[in-house]
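Novice: One structure coming up, written as structure tokens, with questions to follow.
The values are calculated or read from the model by the stated rules, or taken from the named source; none is laboratory data. In this text the structure is predicted, and so the values were computed from the model without any measurement. Backbone-built Cβ (ideal geometry, glycine too); neighbour counts: all protein chains shown. Quick note on the areas: whole protein, heavy atoms, side chains included, nothing else; ligands and nucleic acids left out. Shrake-Rupley method; radii C 1.70, N 1.55, O 1.52, S 1.80 Å.
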Amino acid sequence: MVTRKNPLFDTATTLGKILGFLGVSAICGVLVAGLLVPAAAVSGSAASGSIQFFDTLPAELQVDPPSQNTTILAKDGTPIASIYAENRTKVPLDQMSPFIKDAVIAIEDSRFYEHGGIDTTGIMRAIVSTARGNKQGASTITQQYVNNVINESLVAADREEDVKLNGGGKGVGDKLREMKLAIALEKKFSKEQILEGYLNIVFFNRDAYGIEAASKFFFSTTAKDLTLPQAALLAGLVNSPSAFDPIANPDNAKVRRDLVLASMVNQGKITQAQYDEAVATPVTTQVTPARQGCAYATMAPYFCDYVLHLLFNNPAYGDTQEERIKRVQRGGLTIQTTLDPTAQGVAQQQVDATAGTNPDKWGASIVSVQPGTGQIVSMAQNTVWLPQEGKFDQTQNFNVDVLDADGNDLNGIGGFQPGSTMKPFTFAQWLNEGKSMNQNVNAAQRRYGVNFPWRNTCPTPTDGFYDANVPGSFDLQNASPEYYRTMTVLWGLKNSINTATFASAAQVDLCGIQGIVDATGIHGGLPARDQTGKVTDPNPQVQMTRLSNLIGATQTAPLTMAASFATFAADGKYCEPIAITSVKDQSGAQLPAQSSSCKDAVKPEVARGVAYAMGKVLDEGSGSLIRPALNSKNFPVAAKTGTNDSNGSTWVVGYTSGLATASWFGDPLGDQLRPGRNLTVNGTFYPAIDGYMIAGPQFTNYMLSVAPAYGTNPFQQPPSNLLGTAPAPQRNNTPSTTPSTAPNPAPSSGNGNNGNGNNGNGNGNSDKN
């Protein structure tokens, strides 16, 4: 049996609507009176009961700052990117146009400065409107602010399903609570504070929360510079952002804007002349699309992403990564970084120019750090974040590790085989043991068998061998046969002779090489994993007792290489690379950031000896073909070239007194096994690429432009006992650049855990130059 409604109280009828509204209004009136008048002054049990009920409603509203944009800044304050859940930038009331303040009050709450949170006149007006069949709200700006604050808190707590909009979904209890909170809010805050809060929190568009964001989005201006027609349009938008959207519904937007203008002139907030001029103005927009996240960074998107991952991984910003992400996206943080926009611009220009149109997707990257501080100056690669026609798109960072030291994701590719850029560490241990760099070694020796008597005081056993008499192995290779002879250790390093490096290593403690590598921050860029794939070490040690690592078999990130080489520039002081110098919340309070963490890693005299030798690399050795360009500025530079077995990973890593840079070119895809041979790059054919050919000019051009700003002081000379006495000039002082044709198998990508030595042949990296 269908139950029939009493027509008198049927809210589907006009009379029912009126009676229902009157009933609620009467209750509200009694309850408000109960808030304003002491219970003892009110007679009647009904009134007293209503007051008691009202007194149980919460009167305190926690007005937390609304979600605000986090801004990532370069070192000089230049914005890099905005990060947000809601696009909002808070501004004070005095930085808003008087037109927007007057327009919002005129259309939303004309008695704003007269009521105490709820407007009884407005309620009566709404009753009359309802009686005429036109639904009209009676919420004051204060009530709307309360509603927005409650909803913002729900969203921040991941309770979006509980959000209730002004247009519906609220019951009588919700309205009563809102009214009491509005009255209490008026007692706590001034009208100006409430209006400022409202205009900063209110929703205008899915890409614009608050008046500043709305001004920028719709008109490419600021809240302070809004014109009268613009302010009226935005004030009208609040009522129904979709219906009155000037982009999607310009006609509706004009009708609503003109209604706002009419209210303003009727209330004496503007003159008739201002009104006439404003209504005659067409509705036009000048949209500035919201660009959220590092994908839309103004510069250095991969550095930006690296900074975010540092924060997302920092427990100081929340117990869980979800909490940290929310803190960054909603907290209105100001993140000051170490990035130099000028250096970054040069780096980006260089990597983009290196490979040109690049249909084969070869990678190029540059990263720089400042010796003595570890501050990252630039970080660039020749890819775009978002797919674009004819561009190499990539979201992973070429320059950083896969994981941080705690096993958290850094979104890095994990680096590349460094090749001969690892040779200076053996040279450093040679000097560390007090040996002269001009001492001869037997670089003719190519065979280091299973039982070769390596000196190794580390608990990790020596791993690998080179012996053509053993099936599957081969003798150690150089780029060209004329280098199998006696030479000085210095000559062997500056010309990148593999056999000279091994001959040097054979006379020092391999554990000493390990110590220098560890102390200068070198580690594998790929995590070590067990057989199940579980990470056992996020940043594994590059084991220098594995012979193939003497010439660079383990993938290492360019940032790691740059920071390590910076040690030699800083007279032996290693500084961990840092990207963030300051983080402030929206109140200006300082939050945990990064500070320089430096230690003495190498003896100063050893660092000076390495700098001297790597200066010779450019003056006379494997980097001599890139030195002439550097001579144009005539400042001291030390560097080492590097190329792996397949020619698919090529490097120049070097430094001046004030800047250390890793320049890389090669295969960034998949397992990085594409050989860098018989390829055309930027219109030039290469039978085989070596470090000096592409990574070299990239390094040179960048350092010529950037290094002078960071200091190019002369390097201090090493002590005489490390220099020794140079023997008579040797033949073949110009090294061959012909790549090795040794039948080595393609090297393993290496993960620092099960590299190339474990299969017993010790192969994996016969570097060229």
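Novice: Scan the stretch 600-650 residue by residue and report those that are basic (Lys, Arg) and at pLDDT below 90.
Specialist: Taking the stretch 600-650 as the starting set, the residues that turn out to be basic (Lys, Arg) are 603, 608, 616, 627, 633, 640.
Selection gives Arg627, Lys633.
Novice: May I ask you to verify whether Leu673 is over 27 Å from Leu339 (Cβ atoms), of a type outside the set (S, T, N, Q) and touching a Ser or Thr at 6+ places or on another chain (Cβ under 7 Å)?
Specialist: Working: over 27 Å from Leu339 (Cβ atoms): yes; of a type outside the set (S, T, N, Q): yes; touching a Ser or Thr at 6+ places or on another chain (Cβ under 7 Å): yes.
Judged against the criteria, Leu673 is a match.
Novice: Give me the pairs, please: first residue somewhere in the stretch 422-445 and in contact (Cβ under 8 Å) with a residue 12 or more places away in the chain, second residue anywhere and in a strand (DSSP E or B) and open to solvent by 10 Å² or more (accessible area, probe 1.4 Å), beta-carbon distance under 9 Å, and either six or more positions apart or on two chains.
Specialist: Gln429/Asp509; Glu433/Asp509; Asn440/Thr486; Val441/Thr486; Asn442/Thr486; Ala443/Thr486; Ala444/Thr486
Novice: Turning to a different aspect of this structure: Looking for something part of a loop (DSSP other than H, G, I, E, B) and touching a helix residue (DSSP H, G or I) at 6+ places or on another chain (Cβ under 6 Å) - is there at least one such residue anywhere in the stretch 184-198? Let's see the steps before the verdict.
Specialist: Taking the stretch 184-198 as the starting set, the residues that turn out to be part of a loop (DSSP other than H, G, I, E, B) are 189-190.
Remaining after also requiring touching a helix residue (DSSP H, G or I) at 6+ places or on another chain (Cβ under 6 Å): none.
No; the residues of the stretch 184-198 include none that is part of a loop (DSSP other than H, G, I, E, B) and touching a helix residue (DSSP H, G or I) at 6+ places or on another chain (Cβ under 6 Å).
Novice: Could you tell me whether Gln321 is touching a Phe, Trp or Tyr at 6+ places or on another chain (Cβ under 9 Å), more than 22 Å from Thr556 (Cα to Cα) and either surrounded by fewer than 21 Cβ atoms within 10 Å (Cβ to Cβ) or at pLDDT 95 or above (or both)? It would help to see each step written out before you state the result.
Specialist: Working: touching a Phe, Trp or Tyr at 6+ places or on another chain (Cβ under 9 Å): yes; more than 22 Å from Thr556 (Cα to Cα): yes; either surrounded by fewer than 21 Cβ atoms within 10 Å (Cβ to Cβ) or at pLDDT 95 or above (or both): yes.
It is true that Gln321 is touching a Phe, Trp or Tyr at 6+ places or on another chain (Cβ under 9 Å), more than 22 Å from Thr556 (Cα to Cα) and either surrounded by fewer than 21 Cβ atoms within 10 Å (Cβ to Cβ) or at pLDDT 95 or above (or both).
Novice: Kindly establish whether Gln698 is out of contact with any Gly (no Cβ under 9 Å at 6 or more places or on another chain) and closer than 19 Å to Gly419 by Cα.
Specialist: Yes.
Novice: Right, something else. Name the single residue that is farthest from Asn69 (Cα to Cα) among those in the stretch 184-200 being aliphatic (A, V, I, L, M) and open to solvent by less than 10 Å² (accessible area, probe 1.4 Å). Give the steps one after another, and end with the answer.
Specialist: Taking the stretch 184-200 and keeping what is aliphatic (A, V, I, L, M), we get 184-185, 194-195, 199.
Those left that are additionally open to solvent by less than 10 Å² (accessible area, probe 1.4 Å): 185, 194-195, 199.
Numbers: Leu185: 26, Ile194: 21, Leu195: 20, Leu199: 16 Å.
The selected residue is Leu185.
Novice: Let me ask you something else. Take the stretch 541-565 and flag every residue that is under 23 Å from Gly492 (Cα atoms) and part of a helix (DSSP H, G or I).
Specialist: Leu547, Ser548, Asn549, Leu550, Ile551, Met561, Ala562, Ser564, Phe565
Novice: Quick one: how many residues across the stretch 570-587 are modelled with pLDDT of 95 or more and more than 21 Å from the chain's Cα centre (by Cα)?
Specialist: Residues in the stretch 570-587 being modelled with pLDDT of 95 or more and more than 21 Å from the chain's Cα centre (by Cα): 5 in total.
Novice: Looking at the stretch 458-481, can you tell me whether even one residue there is crowded, with 18+ Cβ neighbours inside 10 Å, in contact (Cβ under 8 Å) with a residue 60 or more places away in the chain and assigned to a helix (DSSP H, G or I)?
Specialist: No, the stretch 458-481 contains no residue that is crowded, with 18+ Cβ neighbours inside 10 Å, in contact (Cβ under 8 Å) with a residue 60 or more places away in the chain and assigned to a helix (DSSP H, G or I).
Novice: Just checking, how many residues over the stretch 179-221 are farther than 16 Å from Tyr113 by Cβ, out of contact with any Lys or Arg (no Cβ under 8 Å at 6 or more places or on another chain) and either of a type in the set (S, T, N, Q) or without any contact (Cβ under 8 Å) to a residue 60 or more places away in the chain (or both)?
Specialist: Here the count works out to 10.
Novice: Okay, next question. Of everything in the stretch 651-683 that's open to solvent by 10 Å² or more (accessible area, probe 1.4 Å) and in contact with a strand residue (DSSP E or B) (Cβ under 7 Å, 6 or more places away or on another chain), which residue is modelled with the lowest pLDDT?
Specialist: So the residue we want is Gln672.
Condition check ((1) at pLDDT 90 or above; (2) among the hydrophobic types (A, V, I, L, M, F, W, C)) across all residues:
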| site | (1), (2) |
| --- | --- |
| Thr142 | yes, no |
| Ser153 | no, no |
| Val163 | no, yes |
| Val172 | no, yes |
| Ser190 | yes, no |
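Novice: Considering each of Leu259, Leu233 in turn, give the residue that is buried (at least 24 other Cβ atoms within 10 Å of the Cβ), within 16 Å of Glu108 (Cα to Cα) and in contact with a helix residue (DSSP H, G or I) (Cβ under 7 Å, 6 or more places away or on another chain).
Specialist: Values: Leu259 fails: buried (at least 24 other Cβ atoms within 10 Å of the Cβ).
After applying the criteria, what remains is Leu233.
Listed here are the residues, each with its yes/no results for (1) modelled with pLDDT under 95; (2) surrounded by fewer than 17 Cβ atoms within 10 Å (Cβ to Cβ); (3) closer than 30 Å to Val369 by Cβ.
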| residue | (1), (2), (3) |
| --- | --- |
| Ala444 | no, yes, no |
| Met487 | no, no, no |
| Lys494 | no, no, yes |
| Ala500 | no, no, yes |
| Val508 | no, no, yes |
| Gly524 | no, no, yes |
